[in-house]
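Scroll down for the structure; my scribbles are underneath it.
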Amino acid sequence: MLLEPRPPSPLQEISDDRFERHGVRLLLKRDDLIHTTIPWDTDVLGPVDLYPPGNKWRKLAPNLRAAVEGGFPGVVTFGGAYSNHLRATAAAGRLLGMPTVGIVRGDELADRPLNDSLARCAADGMRLCFVTRSEYRRKAEPRERARLLAAAGAGASYVVPEGGSNALALEGCAGLGRELRGVSDVVAVACGTGGTLAGLAAGLGPGQRALGVPVLAGEFLGAEIRSLQEAAFGGPAGAWSLAEGFHHGGYARVPARLEAFAADFEERHGFAVERIYVAKLLWALAALTESGAFPAGTSVTAVVTGRP
């Protein structure tokens, strides 16, 4: 069934001297491979367009199920110009035969050629509606959200929040934590809206902790994660913390040194490193290991949430 991810995703141990010389064991949780059997229509899209949504399925599947079972005519969600969540939602909508609408931050983009990410959304049938950045910032206000949805012609659609993070999504992400019980001391994940970290922490076992690496500037995620866990679980769930200061200038910013690090990691270990989330996560773990944040003997699992 398309609404069901295919857990558990693979676990891969990495031999890397930047960790081993400090006595730290590094594993990769390959959630980028979570849904490898989706029947992509290569006759229509071509092999260059294959895009497994990866970890986003953990958040999306329970929300899409609610949309289908609730008889909604379509799904509407929110994101920026490079949002993996928009891409995953568009792909899911095509596979389910459900119309999707993406409300995109930045009305200046409406008159420009679509970047690769938004072009992928459009190719999967998502109708893109560009709004001003000030309108986008106010999307959580009930009156402004209703106005945005009406203007997009999506007033009756099922609403999935930005990044897919809500109480239903956390239940899906808790499954990730359960898959990793007893695997390592620390499980680390890059954070946008914080939903994956909030659910992951709830699913881990005693003695384990979740570590989030925010990819956006601004120290706001802690309150968001606490609020999400309250909505999903009725209060705090699991041990978690945030490693701030590794956003490299903000969302979708990939300075030359981060690009060089990601390219080097790819060459060393033979898999493609997604730049917006995964590269920042791996950089942070290498830097924290170098600084002694992980005592010798610590095992760390990095969650690879998606592919480039």
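The values are calculated or read from the model by the stated rules, or taken from the named source; none is laboratory data. Here the structure is a predicted model, which is why all the values come from computation and not from measurement. A quick note on method: Cβ atoms are made from the backbone with ideal geometry, for glycine too, and the neighbour counts reach across all protein chains shown. For the accessible areas, the whole protein counts, side chains as well, though only heavy atoms, and no ligand, DNA or RNA atoms are used. Shrake-Rupley method; radii C 1.70, N 1.55, O 1.52, S 1.80 Å.
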Query raised in the report: Could you give the accessible area per residue of the chain, probe 1.4 Å, as a whole number in Å²?
Result: 42 Å²
Query raised in the report: Can you work out D for region 215-308 in µm² s⁻¹ from Stokes-Einstein, where Rh is the Kirkwood radius over C-alpha pairs, the temperature is 20 °C and the viscosity is 1.002 mPa s?
Result: 143 µm²/s
Report summary line: A 1.4 Å probe over the protein heavy atoms gives region 100-168 a carbon and sulfur accessible-area percentage of 53 percent
Query raised in the report: Using only helices, what value at 222 nm comes out for the chain when you add -39,500 (n - 2.57) per DSSP H run of length 4 or more and divide by the total residues, to the nearest 500 deg cm²/dmol?
Result: -11500 deg cm²/dmol
Query raised in the report: Dividing the Cα radius of gyration by the Kirkwood radius, what Rg/Rh value follows for region 103-160?
Result: 0.98
**Report entry** Ellipsoid equivalent to region 50-158 - semi-axes via the Cα gyration tensor, in Å
**Finding:** 20, 18, 12
Report task. Kindly provide the pair-distance distribution of region 136-250 built from C-alpha pairs, with 10 Å bins from 0 and whole-percent values in order of increasing distance. Result -> 15, 39, 30, 13, 3
Query raised in the report: Among 269, 85, what's the order by accessible area (1.4 angstrom probe), most exposed first?
Result: 269, 85
Query raised in the report: What do you reckon, how do 158, 82, 136, 251 stack up by accessible area (1.4 Å probe), largest on top?
Result: 82, 251, 158, 136
Report summary line: Karplus ³J(HN,Hα) for region 157-162 (6.51 cos²θ - 1.76 cosθ + 1.60, θ = phi - 60°; Hz, whole; x = Gly/Pro) runs 7, 6, 9, 9, x, 3
Query raised in the report: How much of the DSSP beta bridge set in the chain is antiparallel, as a percent to the nearest 5?
Result: 10 percent
Query raised in the report: Amide H of residue 302: which non-local residues (sequence gap of 5 or more, or other chain) have their own amide H closer than 5 Å, using H built in the peptide plane?
Result: 27, 28, 29, 188
Query raised in the report: What is the packing order of peptides 225-234, 198-207, 12-21, taking the mean over residues of other C-beta atoms within 10 Å and listing the highest first?
Result: 198-207, 225-234, 12-21
Query - Viscosity 1.306 mPa s, temperature 10 °C, Stokes-Einstein D of region 129-188 from Kirkwood C-alpha radius, µm²/s - result: 112 µm²/s
Report task. Pop out the ³J(HN,Hα) list for region 243-250 in order, Karplus 6.51 cos²θ - 1.76 cosθ + 1.60 with θ = phi - 60°, rounded to Hz; leave Gly and Pro as x. Result -> 9, 7, x, 10, 7, 6, x, x
Query - Efficiency of FRET from Cβ geometry, residue 254 and residue 108, R₀ 25 Å, rounded to 0.05 - result: 0.75
Report task. Compute the distance in nm between two label points, each set 7 Å from the Cα along the Cα-to-Cβ direction, one at residue 116 and one at residue 15. Result -> 3.1 nm
Requested in this report: On a 0 to 90° scale, report how tilted helix 56-69 is relative to the longest principal axis of the chain, with both axes built from alpha carbons and the result rounded to the nearest 10.
Outcome: 30 degrees
Query raised in the report: Got a number for carbon plus sulfur as a percent of region 253-308's accessible area, 1.4 Å probe?
Result: 53 percent
Query raised in the report: Sequence-distant or interchain residues sharing an amide H contact under 5 Å with residue 130, placed H: which?
Result: 104
Query raised in the report: For the chain, what mean projected area does the convex hull of the alpha carbons give, in nm²?
Result: 15.5 nm²
Report summary line: Taking a straight Cα-to-Cα line shorter than 25 Å from residue 29, and setting aside same-chain lysines fewer than 8 residues away, one finds 56, 59, 280
Query raised in the report: Under a 1.4 angstrom probe, counting protein chains only, how are 129, 173 ranked by accessible area, largest first?
Result: 129, 173
Requested in this report: Pop out the ³J(HN,Hα) list for region 105-110 in order, Karplus 6.51 cos²θ - 1.76 cosθ + 1.60 with θ = phi - 60°, rounded to Hz; leave Gly and Pro as x.
Outcome: 5, x, 5, 5, 6, 4
